[in-house]
1. When the residues of the stretch 146-155 are narrowed to those that are in contact with a helix residue (DSSP H, G or I) (Cβ under 9 Å, 6 or more places away or on another chain) and near the ligand (Cβ under 10 Å from one of its atoms), which ends up most open to solvent (accessible area, probe 1.4 Å)?
2. Among the listed residues Leu99, Leu50, Leu57, which satisfies the condition of being at pLDDT 95 or above, in a strand (DSSP E or B), buried (at least 17 other Cβ atoms within 10 Å of the Cβ) and among the aliphatic types (A, V, I, L, M)?
3. Could you tell me whether the stretch 158-179 includes any residue that is within 8 Å of the ligand (Cβ to nearest atom) and either open to solvent by 30 Å² or more (accessible area, probe 1.4 Å) or of a type in the set (Lys, Arg) (or both)?
4. When both residues are 6+ apart or on different chains and their Cβ atoms are under 7 Å apart, which pairs have a first residue that lies in the stretch 89-110 and is without any contact (Cβ under 8 Å) to a residue 60 or more places away in the chain and within 16 Å of the ligand (Cβ to nearest atom), and a second that is open to solvent by 20 Å² or more (accessible area, probe 1.4 Å) and part of a strand (DSSP E or B)?
5. State which residue is modelled with the highest pLDDT when the search covers only the stretch 110-139 and only residues that are more than 25 Å from Gly36 (Cα to Cα) and open to solvent by less than 20 Å² (accessible area, probe 1.4 Å).
Amino acid sequence: MEADIDRVLISRERLAERVREMAGQIARSYPDLDAGLSLVPILSGSVIFLADLIRHLPMKMKIGLITVSSYSGATTTSKGAKLLQDLNVDVTGRDVLVLDDILDTGNTLRLVTAKLAERKPRSIKTAVLLRKTAKAPDDVVADFVGFDIEDVFVVGYGLDYNDHYRNLPHIAVLKPEIYAAEVRS
Ligand code: XMP
């Protein structure tokens, strides 16, 4: 697996440090620790981010899961993001924090926040580990961002390519020939 990697973009140490800092920022923005926060990680890419982040968060929380797939060439209002499995908990009247691995075109977060708004939560905020500044649209703004990165396809720390590489402990750029091989096969 490591042989498929072109370079490490963010080391496991920097990830750990930044996720801890993000948890501090998030905790400060929800000062009432007993009010209860509903965390909504977007599956599957945000699972490791979720696991590391929540262990630094001091407030009472519930976790609800939502599954979205991104696909290209779509012409629906969700523009390339499709809801595969809707939220499995009630968030009405609650503070909701959506977690995603990466903000790229914004289609995923736009779809998820619109879906959640229908359920009348008290508030909705978003936290992303990575943001590709090249494409991030003006109408989808994450409240908490781990790292701004260049426009390269990254894997590891939950992010996949064809469902592989999620278990890499760092964020890495794949070798171009891996893409080429996958496209041919
Ligand atoms: P959008 O474009 O909807 O992107 O903001 C968010 C979703 O797209 C996927 N994505 C990536 N996945 N490496 C990945 O493994 C990448 O570089 C990448 N860019 C976008 C991902 O599913 C994310 O939730």
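1. Let us first name the residues in the stretch 146-155 that are in contact with a helix residue (DSSP H, G or I) (Cβ under 9 Å, 6 or more places away or on another chain), namely 146-147, 153, 155.
Restricting the remaining residues to those that are near the ligand (Cβ under 10 Å from one of its atoms) gives 153, 155.
Values: Phe153: 89, Val155: 0 Å².
The residue in question is Phe153.
2. Numbers: Leu50 fails: in a strand (DSSP E or B); Leu57 fails: in a strand (DSSP E or B).
After ruling out the rest, the residue left standing is Leu99.
3. yes
4. Val98/Ile124; Leu103/Arg131; Asn107/Ser70
5. At the first step, the residues of the stretch 110-139 found to be more than 25 Å from Gly36 (Cα to Cα) are 130-139.
Now restrict to residues that are open to solvent by less than 20 Å² (accessible area, probe 1.4 Å): 130, 132.
Numbers: Leu130: 98, Lys132: 95.
So the residue we want is Leu130.
The values are calculated or read from the model by the stated rules, or taken from the named source; none is laboratory data. Every value quoted in this text rests on a predicted model; they were computed, and no experiment measured them. As a convention, Cβ positions derive from the backbone with ideal geometry for all residues, glycine included, and neighbour counts pool all protein chains shown. The accessibility values were calculated without ligands, DNA or RNA, using every heavy atom of the protein model including side chains. Shrake-Rupley method; radii C 1.70, N 1.55, O 1.52, S 1.80 Å.
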